[in-house]
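Here's the structure, in structure tokens; my notes come after.
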Amino acid sequence: MRNNNQSNSIIRWLVVAGDFVLLNVIMLAFAHWHWRMNSWPEGRLEIFVLVNNLALMLGEVRYSTIIHQRIVNAGEILRRVVKLTVLQSVLAYVVLKVFAYDLPVGWLQWGIGSSFVALLVPKRLLERWVVKLYREAGRNTRTAVLVGSDPELVRIYRKLKDDATLGYRVLGYYADSELGQWTHTLQGDGGRPEDAGPDRAVTGIAPSEIKRLGTMAEFLSYLSEPERLTLGDELYLCVSRRDRDIIRRVSSLCDHRLIRFYYVPVSVESIGLNLKSELIDEMEVYTTYENPLQNPLNRLVKRVFDIVLSVAFLIPTAILFPIVWLVIKVQSPGPIFFRQERTGLDGKSFNCLKFRSMHVNADADRVQATKDDPRKYPFGNFMRKSNIDELPQFLNVLKGDMSIVGPRPHMLAHSVMYSKLIDKYMVRHFVKPGVTGWAQVTGYRGETKELWQMEGRVKRDIWYMEHWSIWLDIRIIWMTFKTFFVHDKNAY
């Protein structure tokens, strides 16, 4: 682990050094090309550069890069970039106004700060990609060992193995049976794995894919002789909560050998609720997760964000409108816009706007679009794949019927049908529907042929409601934006 930590430190310091280089290049570019800075008295430019570098140094202490960390998402990276650049700009401005009050630094600091954040975001994404490639090549990895005979460990293994950004190498597992024999179906599928969709079943792993290090009995017998065990940088233990003695012994072993210990509850003890911990004096208790959008301030922030971005998106929509209008008229006579009643906030219906992507037909309000749907015309098919058909929904956002990010609104007929088939289906209507959503950017977009597909969508919609933040919205918008260039196979 020591070597891994050292590699992480090197990555972090290289990224921080790159931040300083980027800031100074921006300042020197302004000094070279901006006419007003040429007239500054001697020594003033040096003071300006020094203060900005000191401000960045303090900003890095508070909001340093986290791309070297293994479990971190793009939203958190973006949040820290914004906070870092805002803190740097504000600190530099305040110090310069106090000690160099004769310099017109307001406009200049704003320009440099804007350029800095605009360039720092793609720099972070590029750096994250480089770290991913570095770890895919087998460098800066962390080893892990799995202990237990529960299918939940298969989920852990899949996560550690499939996400190269994490940089994990699983050494093997201790269990009473081969992982290839493990098949576990999640709650609510009727107990038949063959009926479960990919979000509801955990299947086994081929014996050749991961090494079996021994049985649980062998692992426990060697706890007093840890040199006979294969132990990595991290250990994931999955046993029943009733086996407290085993949990304590394994945790103690990990503490003594500087191994990070993780306890994974067994599948049958998972209660399927999102809970948050609270303290009553020194005692920890759990309560159901509060919906952040119940807070009026959060709703106000989201509404302002919606208005600003919808206006920004409607500008290019107005530019595209004549082209869209002309092509639609040529390929499919009829109205430009498609209006459909859909279920919105608190279960109330509203008219959802889209550019019409299908020929006028009588089934529009009850039949979903399919992959080779004969109702689609060529340009309409292109609009659906590139999300262009959704652009008029920013008018719904301005009106207040929708938000930019939220659960996608469904046809009234589908709301009636699925509310009878899926538990908690209507919970998704406690927030405004969105132009895009968490379900759509995580693989649950398009036609829902099977019930498990809609269940997966609802599960993600509720997760979004419970974990909302403005940074999560920004992350979802970015993931949606990428589909303009990399088409989703489920978009049709």
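The table below gives the values:
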item: Residues within region 309-334 that are assigned to a helix (DSSP H, G or I), open to solvent by less than 40 Å² (accessible area, probe 1.4 Å) and small (Gly, Ala, Ser), tallied; result: 1
item: Any helices (runs of 4 or more DSSP H) falling wholly within region 400-469 and containing at least 2 residues that are under 17 Å from ARG299 (Cα atoms); result: 451-466
item: Every pair of residues 6+ apart whose Cβ atoms lie under 8 Å, when the first sits in region 448-459 and is surrounded by 19 or more Cβ atoms within 10 Å (Cβ to Cβ) while the second is of a type in the set (D, E, K, R) and in a helix (DSSP H, G or I); result: VAL458/ARG428
item: Residues located in region 226-246, provided they are crowded, with 20+ Cβ neighbours inside 10 Å and hydroxyl-bearing (Ser, Thr, Tyr); result: TYR236
item: Test: residue in region 416-429 that is of a type outside the set (S, T, N, Q), within 21 Å of ILE307 (Cβ to Cβ), in contact (Cβ under 8 Å) with a residue 60 or more places away in the chain and open to solvent by 10 Å² or more (accessible area, probe 1.4 Å); result: no
item: Some residue of region 362-371 being surrounded by fewer than 15 Cβ atoms within 10 Å (Cβ to Cβ), on the phi < 0 side of the Ramachandran plot and modelled with pLDDT of 85 or more; result: no
item: Members of region 386-405 that are open to solvent by 10 Å² or more (accessible area, probe 1.4 Å) and at pLDDT below 90; result: ASN387, ILE388, GLU390, LEU391
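Here's the yes/no breakdown for (1) farther than 23 Å from TYR418 by Cβ; (2) at pLDDT 85 or above; (3) touching a helix residue (DSSP H, G or I) at 6+ places or on another chain (Cβ under 6 Å):
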{"position": "TRP438", "(1), (2), (3)": "no, yes, yes"}
{"position": "VAL441", "(1), (2), (3)": "no, yes, yes"}
{"position": "GLY446", "(1), (2), (3)": "no, no, no"}
{"position": "LYS459", "(1), (2), (3)": "no, yes, no"}
{"position": "TYR464", "(1), (2), (3)": "no, yes, yes"}
{"position": "ILE477", "(1), (2), (3)": "yes, yes, no"}
{"position": "PHE481", "(1), (2), (3)": "yes, no, no"}
{"position": "VAL486", "(1), (2), (3)": "yes, no, no"}
{"position": "ASN490", "(1), (2), (3)": "no, no, no"}
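The values are calculated or read from the model by the stated rules, or taken from the named source; none is laboratory data. Bear in mind the structure is a predicted one, so any value in this text is a computation, not a measurement. Cβ atoms come from the backbone with ideal geometry, glycine included; neighbour counts cover every protein chain shown. The area values use the complete protein model at the heavy-atom level, side chains included, leaving out ligands, DNA and RNA. Shrake-Rupley method; radii C 1.70, N 1.55, O 1.52, S 1.80 Å.
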